[in-house]
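Data first, discussion second: the structure below is written as structure tokens.
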Amino acid sequence: MTDARPAAPAQGGAQLPAAFVDWWFAPWQIAPARPPHAAMDGVMAMRDGYRLWCAQLQLMPGLPPSFDPEWAAAAGTDPAALAPAARLFGGLLAARAQDGPALATLPAQDRDWCLRVAATQPLACYGREHYAAGDTLALRGQCELACHLEAAFPGLWPRLRLGLDTADAARIGQLLAAMPAPLGAATAARVRRCWLLCSMRASQTCVPG
């Protein structure tokens with residue numbers, strides 16, 4: 001697929017990591033099943049198969065004309081890593097909103113961590129009025145991430161969504177349709193910084209021992 005891939009310039013002339021670009025053009029690596037064209041021989045055959053596959057799943061084939069490359073590092077390319085980070089991010093939002101019942105779903109150490117971090121981070125919750133009691137903190141966190149990715153890096157969230165539970169992906173899509181667009185660059189930077197903090201803590205707490 002190398003010959004079929006465009007260059008990956010981003011806003012400000014920054015470049016995306018080669019591994020991210022490789023994943024962008026082969027996101028079926030995280031999908032439930034590999035598409036038939038993944039085994040095709042020849043650049044032309046793979047290119048045509050890839051575009052057909054993208055059309056079937058309503059994915060953007062190429063990289064968007066402009067995007068914020070920092071979101072590529074923040075969101076990553078592994079949907080399995082999203083839920084633990086999203087759960088903590090949802091905890092930050094619950095702490096900001098003083099949502100006791102939602103915070104109570106977290107272990108005590110994570111709850112205390114969310115309360116400490118949230119006290120210094122004025123995060124806005126874009127789906128707050130749309131979330132139902134049954135929407136978990138992880139789902140809320142993923143939905144907030146999706147909202148920002150749709151604005152800052154079009155096409156990235158639909159690829160990450162391939163690795164999610166079907167029901168969760170559908171619920172997030174429903175919520176996204178009702179959520180307002182995120183605010184400016186300063187808000188996005190704060191959200192990205194908090195998401196990275198959540199990702200770091202999630203990766204540390206998931207390590208055995």
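What to note about this one:
- Among (1) modelled with pLDDT of 95 or more; (2) in a loop (DSSP other than H, G, I, E, B) - the single one Ala85 does not satisfy: (2)
- Close pairs from the range 12-26: first modelled with pLDDT of 85 or more, partner crowded, with 17+ Cβ neighbours inside 10 Å and of a type in the set (Lys, Arg), Cβ under 9 Å, at least 6 apart: Trp23/Arg159; Trp24/Arg159
- When the range 113-151 is filtered for residues that are of a type in the set (Gly, Ala, Ser), surrounded by fewer than 24 Cβ atoms within 10 Å (Cβ to Cβ), modelled with pLDDT under 95 and part of a helix (DSSP H, G or I), only Ala151 remains.
- Residue within the range 120-135 that is over 18 Å from Ala189 (Cβ atoms), without any contact (Cβ under 8 Å) to a residue 24 or more places away in the chain and of a type in the set (Ser, Thr, Tyr) present: no
- Only listed residue being farther than 21 Å from Leu59 by Cβ and surrounded by 16 or more Cβ atoms within 10 Å (Cβ to Cβ), chosen from Leu106, Leu156: Leu106
The values are calculated or read from the model by the stated rules, or taken from the named source; none is laboratory data. Only a predicted model underlies this, so the values are computations on that prediction, with no experimental measurement involved. As a convention, Cβ positions derive from the backbone with ideal geometry for all residues, glycine included, and neighbour counts pool all protein chains shown.
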